[in-house]
Amino acid sequence: MIFQPEFETMSRSAMEALQLQRLQETVAYVYERVPLYRQRLDEMGIGPGDIRSLEDIRKLPFTVKDDLRDNYPYGMFAVPMKDVVRIHASSGTTGRPTVVGYTQDDIEMWSTCVARLCAAGGATQEDIGQISFGYGLFTGALGLHFGLAKLGAAVVPISSGNTERQIQLMADFGSTVLVATPSYALYMAEVAEKMGMMDRIKLRVGLFGAEGSTEEMRAELERRWGIVATENYGMSELIGPGVSGECTEKCGMHINEDYFYCEIVNPDTGEPVEDGEWGELVVTPLHKQALPLLRYRTHDITRLLKGPCKCGRTTTRMQKIAGRSDDMLIIRGVNVFPSQIESVLVGMEGIGPHYEIVVTKKGFMDQIEVKVELIDAALLDAYKELEALTRKIHDRLKVVLQIDAKVTLVSPNTLKRFEGKAKRVTDLR
Ligand code: DLL
């Protein structure tokens, strides 16, 4: 079902006209209301009147996470506090959190964007949606909660954690939609299998996001739960979930282009890449009141896929995120994305889908170790077979990464499981 065909199937020219109008409004709005932008635009000698085409967006300054941190907590808000009805924050791993605010209109727009992706992923008002994201300052849980509610589905705000109880209630309540990070959904499947509950579970749709996952991981989740799994993308600074989401054709995440203008730039130079090339996603929200931003650098690496989709939507899609420019590991000069390692490991015979990557330095040499669980603990005593499996994984990794990784096979159920975003890489250099 297409939630808002009037926007999701718009002609290219009508969409671009709407985007231009909203971009012009946004630039005038931030110039008027956000001192940081007025100062930057003045310094660059650019005024709202200079945006005459969508390409003119390139004249505008970028915004980075540090701008929000430097103006902590509310310095970039464009409305008085009386108009703010919700505050979220993303913790990040270092420094101050970034704080984001919403007006009532922002919440409406956000819910609409999320309702669209829920519908695109196959959810309907008949569904019972179990939200297994952690409720709190994280935007994932309340974002999907409001979106599913807007669609008319019944929402079960169970939050993350307490996994056995989650599974019990999933069966008792007859939940049909699961909202979680892919890594938590995988762990939940494992627990459901152990509890012998899979037969009682009615899930049919998985709406996954907030972290990357590979096609192999999707296949694993679909197989274990017996669902159709789609993924969606977003970021607190931009709105939360709802920037884009896949339809059941699974050929890229449809961008809510009437609300988010996406560019792809070279992460080192900030210059636009050629159409269809990979690079860093830069997003300008086009209709936000409390926290409008110009050209926000996401650090997420993707590319844009243009042209209509089989589902009938005409919106530009973004390909699965390959990684974050700041998560990319450089091992002996070679660029390695954890997602490349995942695509080798998940689905391989004899090993489970959980893994950990540890990077160290020996003298001047970077070392990468990949730890992965065996499915059958008995193999640990069968030296020859263990050796052969280790070699097989090593060789496949080498083909993909072009470097030698140390492969360590560990007992089943010994690697860490995650209830939110997984942290699979430990860089000790
Ligand atoms: O993770 C918003 C969200 C919640 C999106 C729920 C989808 C579902 P943050 O906590 O601010 O916001 O983290 C944003 O998470 O820059 C990406 O690096 C990563 N991320 C989010 N979705 C995906 C995805 C939410 N589908 C950061 N694939 C982003 C890969 C993702 N990475």
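The values are calculated or read from the model by the stated rules, or taken from the named source; none is laboratory data. All of these numbers come straight from a predicted model, not from anything done at the bench. Heads up, the Cβs are rebuilt from the backbone with ideal geometry, glycines too, and the neighbour counts pull from every protein chain shown. Protein only, heavy atoms only, side chains kept; ligands, DNA and RNA dropped before computing areas. Shrake-Rupley method; radii C 1.70, N 1.55, O 1.52, S 1.80 Å.
Rounded to whole numbers, the Karplus 3J(HN,Hα) couplings from phi for region 13-27 are 5, 5, 5, 5, 5, 5, 4, 5, 4, 6, 5, 4, 5, 5, 5 Hz, using 6.51 cos²θ - 1.76 cosθ + 1.60 with θ = phi - 60°, and x at Gly and Pro. Kirkwood radius for region 105-171, taken over all pairs of different Cα atoms as the inverse mean of 1/r, rounds to 12.1 Å. When the residues ASP172, ASP106 are ordered by accessible surface, computed with a 1.4 Å probe over the protein chains alone, the sequence from largest down reads ASP172, ASP106.
When the chain is treated as a Gaussian network with alpha carbon springs shorter than 10 Å, the biggest mean-square fluctuation among VAL283, VAL84, VAL334 belongs to VAL334. Could you compute the FRET efficiency for ARG33 and LYS384, with r as their C-beta to C-beta distance and R0 at 60 Å, rounded to 0.05? Step by step, r from the Cβ atoms, then E = 0.30.
What per residue convex hull volume, in Å³, do the alpha-carbon atoms of region 100-143 yield?
Cα-based convex hull of region 100-143, divided per residue, equals 82 Å³.
From the convex hull of the Cα coordinates of region 338-384, what is the mean projected area in square nanometres?
4.4 nm²
ILE2 to ARG204: FRET efficiency via 1/(1 + (r/R0)^6), r the Cβ-Cβ distance, R0 22 Å, to the nearest 0.05? Here the calculated transfer efficiency is 0.70. Modelled spin labels at VAL85 and LYS423, positioned 7 Å past Cα toward Cβ, are 3.5 nm from each other.
If only the Cβ of Lys and Arg carry +1 and only the Cβ of Asp and Glu carry -1, the dipole of the chain around its Cα centre is close to 480 debye. Ligands, DNA and RNA aside, ARG96 has an accessible area near 120 Å² when probed at 1.4 Å.
Only Cα sites of region 329-427 enter the Debye sum here, all with the same form factor; the resulting log10 I(q)/I(0) across q = 0.14, 0.16, 0.19, 0.25 1/Å is -0.51, -0.67, -0.93, -1.44, listed in q order. Which pairs in the list LYS194/LYS392; LYS194/LYS416; LYS392/LYS421; LYS384/LYS406; LYS361/LYS384; LYS371/LYS406 are over 20 Å apart, alpha-carbon to alpha-carbon? In this structure, LYS194/LYS392; LYS392/LYS421; LYS361/LYS384 lie more than 20 Å apart at Cα.
Once the chain from LYS392 to GLU43 is taken as fully extended at 0.36 nm per residue, the excess over their C-alpha distance is 119.9 nm.
The accessible area of LEU386, taken with all protein chains in place and a 1.4 Å probe, comes to roughly 30 Å². Its relative contact order, with pairs defined as Cα atoms under 8 Å and 6+ residues apart, puts region 1-324 at 18 percent. The gain in end-to-end length when the SER325 to LYS310 segment is fully stretched comes to 2.3 nm, 0.36 nm per residue minus the alpha carbon separation. Compared with the dominant principal axis of the Cα atoms in the chain, helix 35-44 is inclined by about 80°.
Accessible area of HIS299 (1.4 Å probe, protein heavy atoms only, ligands and nucleic acids ignored): about 70 Å². Give me log10 I(q)/I(0) at q = 0.14, 0.15, 0.23, 0.34 Å⁻¹ for region 379-423, Debye formula, one equal scatterer per alpha-carbon, no solvent. Listed by q, the Debye log ratios stand at -0.47, -0.53, -0.88, -1.10. For the chain, the longest principal axis of the alpha carbon atoms and the long axis of helix 104-120 meet at an angle near 40°.
Return the single residue from VAL346, VAL282, VAL399 with maximal mean-square fluctuation; model: Gaussian network over the chain, springs between Cα atoms under 10 Å. Greatest mean-square fluctuation among the candidates belongs to VAL399. A crude spin-label estimate for the pair GLN125 and ALA377, with each label 7 Å from Cα along the Cβ direction, gives 5.1 nm. For region 1-324, pairs of C-alpha atoms spaced more than 36 angstrom apart make up 17 percent of the total. Here the spin labels are modelled as points 7 Å beyond Cα on the Cα-Cβ line, and at ARG12 and GLU108 they lie 3.2 nm apart. Once the Cα atoms are used to define both axes, helix 139-151 deviates from the longest principal axis of the chain by about 70 degrees. Would you please give the FRET efficiency between ARG58 and MET197, computed as 1/(1 + (r/R0)^6) with r the Cβ-Cβ distance and R0 = 51 Å, to the nearest 0.05? Taking R0 as 51 Å, the efficiency between ARG58 and MET197 is 0.45. Phi angles across region 339-349 convert, under the Karplus curve 6.51 cos²θ - 1.76 cosθ + 1.60 with θ = phi - 60°, into 3J(HN,Hα) values of 4, 5, 5, 4, 5, 6, 7, 6, x, 6, 5 Hz, Gly and Pro given as x.
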